[in-house]
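Participant: Okay, here's the structure, questions in a sec.
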Amino acid sequence: MNISAGGSEGRVRLQGSLTLRDAKQVQGLLLDAISASREVEIDVSDVSSIDVSIIQLIVSARKSAEQRGRKLALATESNGAFRATLAKAGFLGDDGACRHVDEEFWTGGGLQKTGIGA
């Protein structure tokens, strides 16, 4: 497991295997990033496995960011283990596809895709 703030305050990188044991650290890093930057991207490209508790933290951080007038997005498209966990937990369809507009958050593309930071 490796969790870090990227080269800028607005980027959080999650790597490796993330479990419930990592939740407190992930939560702190996400909240710090949201406090420090109006636009935060989460890089999940190097996640090898992820517990649904971490996904729930991302959902919570997204809501927290929105309540503060800030934006949170996935920097890259979710894939591999991350996308499989999203589907298994019901955040995406069984085939990993979006079933409705709100699920597009999980397809990534970062702040540029959402029209933020352009």
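Participant: So which residues in the range 88-109 are on the phi > 0 side of the Ramachandran plot, surrounded by 12 or more Cβ atoms within 10 Å (Cβ to Cβ) and more than 14 Å from the chain's Cα centre (by Cα)?
Facilitator: Gly96, the sole residue that qualifies.
Participant: Any chance the range 30-44 includes a residue that's surrounded by fewer than 16 Cβ atoms within 10 Å (Cβ to Cβ) and either touching a strand residue (DSSP E or B) at 6+ places or on another chain (Cβ under 8 Å) or at pLDDT 95 or above (or both)?
Facilitator: Yes; the residues of the range 30-44 include at least one that is surrounded by fewer than 16 Cβ atoms within 10 Å (Cβ to Cβ) and either touching a strand residue (DSSP E or B) at 6+ places or on another chain (Cβ under 8 Å) or at pLDDT 95 or above (or both).
Participant: Do you know which residues across the range 12-52 are under 18 Å from Ala73 (Cα atoms) and among the small types (Gly, Ala, Ser)?
Facilitator: Passing the criteria: Gly28, Ala33, Ser35, Ala36, Ser37, Ser45.
Participant: Which residue pairs have Cβ atoms closer than 8 Å, lie 6 or more positions apart in sequence or on different chains, and pair a first residue in the range 92-107 that is free of Cβ contacts under 8 Å to residues at least 60 places away in the same chain with a second residue that is of a type in the set (S, T, N, Q)?
Facilitator: Cys98/Thr107; Trp106/Ser78; Thr107/Ser78
Participant: Return the pairs, sorted by first residue and then second, in which the second residue is of a type outside the set (A, V, I, L, M, F, W, C), the first residue lies in the range 18-39 and is within 25 Å of Ala84 (Cα to Cα), the beta carbons are less than 7 Å apart, and the residues are 6+ apart or on different chains.
Facilitator: Within 7 Å, the pairs are Leu18/Asp51; Thr19/Asp51; Leu20/Asp51; Leu20/Ser53; Ala23/Ser53.
The values are calculated or read from the model by the stated rules, or taken from the named source; none is laboratory data. This one's a predicted model, so the numbers in the text were calculated from it and none came from an experiment. Cβ sites come from the backbone with ideal geometry, for glycine too, and all protein chains shown count toward neighbours.
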